[in-house]
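Participant: Have a look at this one before I ask anything.
The values are calculated or read from the model by the stated rules, or taken from the named source; none is laboratory data. Everything numeric in this text was worked out from a predicted model, so none of it was measured. All Cβ positions, even for glycine, are placed from backbone atoms using ideal geometry, and neighbour counts span all protein chains on display. Surface areas here come from the heavy atoms of the whole protein model, side chains and all, with no ligands, DNA or RNA. Shrake-Rupley method; radii C 1.70, N 1.55, O 1.52, S 1.80 Å.
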Amino acid sequence: MADSPESRSFCCPDHSGHAPAQAILSQAESRVKSHGLRLTPVRRRTLEILLQAHGALGAYDVLEKLAADGFGAQPPVAYRALNFLVENGLAHRIRRLNAFTACSHPGHDHRAAFLICETCESVTEAPSDAVGAALGAAARDMGFALSRATIEAVGQCRNCVARKPADQRTIA
């Protein structure tokens, strides 16, 4: 597989999330345009960097790649781009890892749920409608007004599970 953002898949075929990076970039550009915003060169490159990662990246990892591409080496360069992407639904912050990952389907608003592999540190965005609905119902039952929620589950991806001997595998 080639390494250009246009030909890479989000995360990778072995960790699910098979939407091609170019399709995700197109959805992101449409979303930004429909909100009257701009995907500046540094914001676009930041999103491409996140799409190329096989896991979440810290802000300084992103900054290092941006600096290598000539976008500057000052932390605000990365933080401003990352904040824009998160605020506009194009990326997510993984609090457990203090890192960021590209949204695999930025074309619509949604609650995020992440499966984080504790072995290889890959991050996969998982469907979360049912979990989000259950969490919303639980919050309402408690009289809590939920404004946002991110679900972060830790375990092992299918590749890491497959590498374990059969007697050491646990499936919940």
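Participant: When the accessible area of the stretch 53-168 is split by element with a 1.4 Å probe, what percent falls to carbon and sulfur?
Facilitator: Using a 1.4 Å probe with all protein chains present, the stretch 53-168 comes out at 51 percent carbon and sulfur.
Participant: Could you give the length gained by full extension between ARG163 and GLU87, i.e. 0.36 nm per residue of separation minus their alpha carbon distance, to one decimal place?
Facilitator: Between ARG163 and GLU87, full extension yields an extra 23.6 nm.
Participant: Counting pairwise Cα distances across the stretch 68-119, what percent come out greater than 12 angstrom?
Facilitator: 70
Participant: Oh, and also: Counting Lys +1, Arg +1, Asp -1, Glu -1, what net charge surrounds THR101 among other residues with beta carbon under 12 Å of its beta carbon?
Facilitator: Here the charged neighbours net out to -1.
Participant: Follow-up question, since we're still on this one. For the stretch 30-102, what size does the Cα cloud have along each of its three principal axes, sorted from largest down, in whole Å?
Facilitator: 30, 29, 20
Participant: Whole-Å semi-axes of the stretch 75-172's equivalent ellipsoid, largest first, each the root of 5 times a Cα gyration tensor eigenvalue?
Facilitator: After scaling each eigenvalue by five and taking roots: 26, 21, 11 Å.
Participant: Would you mind checking which residues have amide H under 5 Å from ILE151's amide H? H placed 1.01 Å from N; only 5 or more apart, or other chain.
Facilitator: Under 5 Å from the amide H of ILE151: ALA112, ALA113, PHE114.
Participant: Right, another one. If I stretch the segment between LEU135 and ASN98 completely, what's the gain in nm (0.36 nm per residue apart, minus their alpha carbon distance), one decimal?
Facilitator: Between LEU135 and ASN98, full extension yields an extra 11.0 nm.
Participant: Based on the Kirkwood radius over alpha-carbon pairs, what is the Stokes-Einstein translational diffusion coefficient of the stretch 16-155 at 25 °C with 0.890 mPa s viscosity, in µm²/s?
Facilitator: 156
Participant: With Cβ to Cβ distances under 15 Å as the rule, what net charge do the other residues near THR150 carry (K, R +1; D, E -1)?
Facilitator: 0
Participant: Same structure, new question: Taking the Cα centre of the stretch 29-172 as the origin, how large is its charge dipole in debye, to the nearest 20, when only Lys and Arg (+1) and Asp and Glu (-1) carry charge on their Cβ atoms?
Facilitator: 180
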